[in-house]
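Reviewing the structure listed below.
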Amino acid sequence: MIEVHTAKDIQKLAKNYRKKGKTIGFVPTMGFLHEGHMSLVKKARKDNDIVVMSIFVNPMQFGPGEDYDAYPRDLERDRTLAEEGGVDVLFTPGAEEMYQQESTVIVNVKKRTDVLCGRSREGHFDGVATVLTKLFNLTSPTRVYFGMKDAQQVAVVDGLLNDFFMDIELIPVDTMREDDGLAKSSRNVNLSASERSEAPALYQALQQGARLIREGERNPDAIKKEIRTLLEKTSGVIDYADIYSYPDLETMETLSGKIIIAVAVQFSKARLIDNIIVNIPLDQKEDL
């Protein structure tokens, strides 16, 4: 595995790979790797000649009250996992490398951000889209890999690639889960023992929402009410329990087509998010 730290070096490597006709699968991360990240690497390894992973805790996507310095980091462990997982190139720049001067241009995301996590994290997705634009330009990927745990981010990336005519294929990868259904996340380490026992309620609530849809319920308010009832049994504070079209993330009076059911709960030291995507057939009698 090759590790590089500068924009110049990663760009040179990527250009050389592409000149040789190699396909590049790119996995952007903020580090503190877990099985969810490695599932992206596994998929990228299967699909491409070269796998590039970036580890960069992006200060631009942290808003007021969000502690950039407290974000979990373990670069030595991440290097080991990346190499064992089959990463060919690991890009580990510092903030001073990715933001060498005051930005003259940033990407302003206009849609798909005023709901779910974006509603309470003003500017967050501008930071995500800006750093991804930089990373895509540096790594020249054929395909990029994102976990569906953050489905709103996937929707934003979908819009970014389409709007800027980027010749990059977006590959969403299913959420990795613990045996009890909890979505794997770097933030799970911040849960207390009692909170960890409660956390699977997020996925259970989502499953209940999907079950109601399978049984014929098409009123989003009725489904959200049921989901909230289940989440209120935890000690966490519900941030949201919402249903939208996907990937457009628009409200619906009657559910149809591809939708997302998404929840977020704030525990004492960890904010957990989860979601499921449901395809509602045009023929409502057809099994989901």
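Taken together, the values in this text are just the output of simple stated rules run on the coordinates, not laboratory data. Not measured: the values here are computed from a predicted model. Using ideal geometry, Cβ is built from the backbone for each residue, glycine included, and neighbour counts are taken over all protein chains shown.
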Q | Point-to-point label distance, Ile106-Glu122, nm (Cα→Cβ direction, 7 Å offset) | A | 1.2
Q) Based on the Cβ-Cβ distance from His34 to Lys269, what FRET efficiency comes out when R0 is 22 Å, to the nearest 0.05? A) 0.80
**Q.** Residue-span extension gain [Gln208 to Asp163] - 0.36 nm each, minus C-alpha spacing
**A.** 12.7 nm
(Q) Defining a contact as two alpha carbons under 8 Å apart and six or more residues distant in sequence, what relative contact order in percent does region 186-277 show? (A) 32
Q | Tail weight of P(r) past 19 Å, computed on alpha-carbon pairs of region 160-233, percent | A | 54
Q) If you place +1 on the Cβ of every Lys and Arg, -1 on the Cβ of every Asp and Glu, and leave all else neutral, what size is the dipole of region 186-277 about its Cα centre, to the nearest 20 Debye? A) 300
Q: Please find the FRET efficiency linking Glu215 to Glu83, where r is the Cβ-Cβ separation and R0 is fixed at 35 Å, and quote it to the nearest 0.05.
A: 0.15
Q) Using 7 Å Cα-to-Cβ label points, what is the Lys8/Lys22 separation (nm, one decimal)? A) 2.1
Q. Per residue, what volume in Å³ does the Cα convex hull of region 6-156 take up?
A. 118
Q: Could you work out how far the C-alpha centroid of region 1-47 sits from that of region 158-189, in angstrom?
A: 16
Q: Starting from the Cα of Lys224, draw a straight line to each of the lysines and keep only those under 29 Å, dropping any in the same chain fewer than 8 residues away.
A: Lys110, Lys111, Lys149, Lys184, Lys233, Lys258, Lys269, Lys285
